[in-house]
1. Residue check, Cys101 against (1) in contact with a helix residue (DSSP H, G or I) (Cβ under 6 Å, 6 or more places away or on another chain); (2) crowded, with 18+ Cβ neighbours inside 10 Å, all met but one. Which one?
2. Enumerate the pairs (first residue in the range 117-134 and touching a residue at least 60 places away in the same chain (Cβ under 8 Å); second residue anywhere and assigned to a helix (DSSP H, G or I)) with beta-carbon separation below 7 Å, excluding pairs fewer than 6 apart on the same chain, so at least 6 apart or on different chains.
3. With the range 1-54 as the region, which strands (runs of 3 or more DSSP E) entirely inside it contain at least 3 residues that are touching a residue at least 40 places away in the same chain (Cβ under 8 Å) and aromatic (Phe, Trp, Tyr)?
4. Tell me which residues, restricted to the range 78-93, are under 22 Å from His30 (Cβ atoms) and surrounded by 13 or more Cβ atoms within 10 Å (Cβ to Cβ).
5. Taking the range 59-104 as the search range and keeping residues that are aliphatic (A, V, I, L, M) and part of a strand (DSSP E or B), which one is farthest from Phe14 (Cα to Cα)?
6. Please enumerate the residues belonging to the range 104-113 that are exposed (fewer than 13 other Cβ atoms within 10 Å of the Cβ) and in contact (Cβ under 8 Å) with a residue 12 or more places away in the chain.
7. Restricting the search to the range 51-77, which residues are among the hydroxyl-bearing types (Ser, Thr, Tyr) and surrounded by 16 or more Cβ atoms within 10 Å (Cβ to Cβ)?
Amino acid sequence: MRAASLSAANVYFFDSFGEDPDLTIPKHMHMLRHVYRSANFTPPGFAQKSFFLINNTLSTSNHYALNVLHPNLRTTLQIHKKLAKLHHYRNECPPLMEKDCKENFMKYREKDTGIWKFKNKLIARFCHVIKTLNLTDVR
């Protein structure tokens with residue numbers, strides 16, 4: 001690998017976009033219920049998260065590699081959006097970027113049910129843990 005980190009693009013799932021009405025999803029499973037997201041991703045390098053290749057990385061931030069250990073390495077490579085994306089679940093636009101957020105992210109929405117690939121296992125395991133802990137039914 002000719003880089004020190006691999007980065008996933010960031011996309012926002014805002015609560016104001018609404019929930020999916022699927023009644024089989026327990027109400028406390030926020031991410032499974034909120035499948036409407038902004039159609040636009042944040043620009044490369046903004047609010048992304050990365051996987052670090054420690055044999056290639058000298059220093060990092062919490063978002064990407066800052067310095068490489070070897071010459072001719074890139075600090076980061078972007079993972080294609082079809083392979084990986086970072087879901088940011090938010091109540092509303094982050095205060096530091098409110099204007100940009102409303103103009104570029106809140107106006108454009110689409111349904112993204114990619115997380116539903118894991119829906120049945122997540123629900124089953126969630127319900128098992130709730131039962132094991134003797135918590136009330138959270139459906």
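Values quoted throughout were computed directly from the atomic coordinates according to the rules given, and no laboratory measurement underlies them. Here the structure is a predicted model, which means the values were calculated and not measured. Positions of Cβ are backbone-derived with ideal geometry, glycine not excepted, and every protein chain shown enters the neighbour counts.
1. (1)
2. Final answer for the pair search is Lys119/Leu32; Leu122/Leu32.
3. Ranges flagged: 5-14.
4. Of everything in the range 78-93, those that are under 22 Å from His30 (Cβ atoms) and surrounded by 13 or more Cβ atoms within 10 Å (Cβ to Cβ) turn out to be Ala84, Lys85, Leu86, His87, His88, Arg90, Glu92, Cys93.
5. Only one residue tops the list, namely Val68.
6. Tyr108, Glu110, Lys111, Thr113
7. Thr57, Thr60, Tyr64, Thr75, Thr76
Residue-by-condition table, conditions (1) under 23 Å from Arg109 (Cα atoms); (2) of a type in the set (D, E, K, R):
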position	(1), (2)
Asp22	yes, yes
Met29	yes, no
Arg33	yes, yes
Ala39	yes, no
Leu69	no, no
Thr76	no, no
Lys81	yes, yes
